[in-house]
Amino acid sequence: MKTMESRDSPERIMREMDWNLLRTFVVLAQSRSVTDAANRLRLTQPSVSTALKRLETRVGKRLIHRAPGRFELTEAGETLYREALDIQGAILRLSTLMRDMTDEVTGHVRVSLASHVICPLFDQVLAEFHAENPRATLSIEVHSSAQAIETVSARASSFAICLVHKRNPRLEYLRLYREFFGLFCGPPHPLFGRGDLTRADLAGQSAVSFETDRLQDALKPVTLMRAQAELGDQIIATSSHLEEVRRMIVAGLGIGPLPLHVAARDVRDSLLWQLPPYDQTAAVDVHVVWNPQAVLNRAEQALLAGLRTRIEATPMEQRTYR
């Protein structure tokens with residue numbers, strides 16, 4: 001006598017699961033609403049809603065709480081989202097892995113980079129990698145640090161170079177370099193060009209900064225430095241990209257933080273002016289992050305191994321930029 005499968009049996013879910021439904025759910029989980037997800041997918045809102053209902057029926061669980069002013073994943077939705085990211089990453093890598101096995105191309109490397117990573121060691125490793133593997137291809141995408149880590153977790157990128165706040169136990173981390181942030185203003189600002197400044201002169205001034213400039217985020221040392229300078233609590237403009245924070249500082253919107261070694265040329269060119277505190281700049285570490293569960297092609301293996309080897313062979317003081 002044939003036994004009936006339960007709704008949530010692994011065999012049934014494996015047989016009936018549709019990847020297109022999972023792909024739609026990943027976009028839903030990363031969106032603010034069904035309408036937002038529909039726009040990203042270039043589908044109609046009813047089509048996305050129907051896909052969500054079909055997926056919830058397949059897994060036998062409610063995946064998203066939807067109500068006026070509320071759109072968030074359920075506990076089951078959070079679990080499915082994490083697993084769906086892994087599946088998506090594996091599918092994205094299939095074409096590269098197959099090509100790497102069947103022709104002369106040594107492989108494609110996808111690197112997720114935080115905004116404006118200035119690191120001579122990384123540049124040298126890239127140059128050596130290209131010289132040794134001229135047929136390998138490379139793409140570098142700029143993300144916020146949190147997004148860069150998410151691409152690694154989802155196995156959509158080979159590795160990331162970014163700031164780290166909370167460590168994911170499923171990922172590996174290695175410090176690439178340390179940089180120091182100072183406070184700067186631009187030519188329109190009333191403090192620009194003054195050499196007699198103290199912290200008291202900064203008190204109450206408007207600030208611009210990074211989206212992660214918060215006590216509970218990756219730029220906590222910068223937040224503490226701003227507090228010590230007694231800048232006003234209100235940050236009037238933010239961005240996740242260093243170039244845009246620099247633009248707002250140069251334009252005179254407010255005082256803002258930048259890495260000292262990145263800002264050095266603009267200081268020489270009189271586009272930026274460093275402000276106190278000069279002796280208590282904020283130290284921030286930049287890491288290489290990779291997923292040990294990801295299956296890497298030959299090019300990815302070579303670049304990541306070369307970078308790790310160079311980091312481990314280079315003393316930290318040579319990887320500290322002031």
> Which peptide among 293-299, 150-156, 279-285 comes first, and what is the full order, when sorted by highest mean count of other Cβ atoms within 10 Å?
Replying inline: 150-156, 293-299, 279-285
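Between ALA203 and ARG70, what is the FRET efficiency for a Förster distance of 35 Å, r being their Cβ-Cβ separation, to the nearest 0.05?
Rounded to the nearest 0.05, the efficiency is 0.30.
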> Does anything in the range 134-173 have its amide N under 12 Å from the 7 Å Cα→Cβ label point of HIS241, and if so which residues?
Replying inline: 142-144
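For the chain, just run the numbers: alpha carbon Rg, then divide by 2.2 N^0.38 Å, N being how many residues it has.
Ratio of Cα Rg to 2.2 N^0.38 Å: 1.20.
Return the FRET efficiency for the residue pair ALA251, THR57: r is the Cβ-Cβ distance, R0 is 45 Å, and the value is rounded to the nearest 0.05.
That pair, ALA251 with THR57, gives E of 0.30.
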>> With a cap of 14 neighbouring Cβ atoms within 10 Å, and only residues DSSP puts in a loop, list the chymotrypsin sites (Phe, Trp or Tyr not before Pro) found in the range 263-305.
In response: TYR278
>> Can you compute the modelled spin-label distance between PHE192 and ASP279, with each label point 7 Å from Cα toward Cβ, in nm?
In response: 2.9 nm
> So, in nm, how far is label GLU128 from label GLN301 when the simple model puts each one 7 Å beyond its Cα toward the Cβ?
Replying inline: 1.9 nm
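So if each residue of separation counts as 0.36 nm, and I subtract the Cα-Cα distance between VAL267 and ARG310, what length gain in nm does that give?
Value of the extension gain: 12.4 nm.
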> Which is farthest toward the positive dipole end of the chain among LEU171, HIS143, ALA37, measuring Cα position about the Cα centre, with Cβ charges +1 (Lys, Arg) and -1 (Asp, Glu)?
Replying inline: ALA37
> Taking the Cα atoms of the range 179-284 alone, what are Rg (to one decimal) and Dmax (as a whole number) in Å?
Replying inline: 12.0, 35
> Taking N as the number of residues in the range 10-82, what value does Rg over Cα atoms divided by 2.2 N^0.38 Å take?
Replying inline: 1.04
> Sorted by mean Cβ packing within 10 Å, highest first, what order do the peptides 255-261, 53-59 take?
Replying inline: 255-261, 53-59
> What is the gain in length, in nm to one decimal, between ARG32 and GLU141 on full extension, counting 0.36 nm per residue of separation less the C-alpha to C-alpha distance?
Replying inline: 36.9 nm
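State the extension gain, in nm to one decimal, for the chain segment bounded by GLU230 and GLU83, taking 0.36 nm per residue of separation less the distance between their alpha-carbons.
Result for the pair: 48.5 nm of gain on full extension.
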> Can you work out the base-10 log of I(q)/I(0) for the range 227-284 at q = 0.19 1/Å, using the Debye formula on its C-alpha atoms alone?
Replying inline: -0.75
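Quick note: the coordinates plus some simple rules give every number you see, no bench work behind them. The model shown is predicted, which means the values in this text are computed figures rather than measured ones. Backbone-built Cβ (ideal geometry, glycine too); neighbour counts: all protein chains shown.
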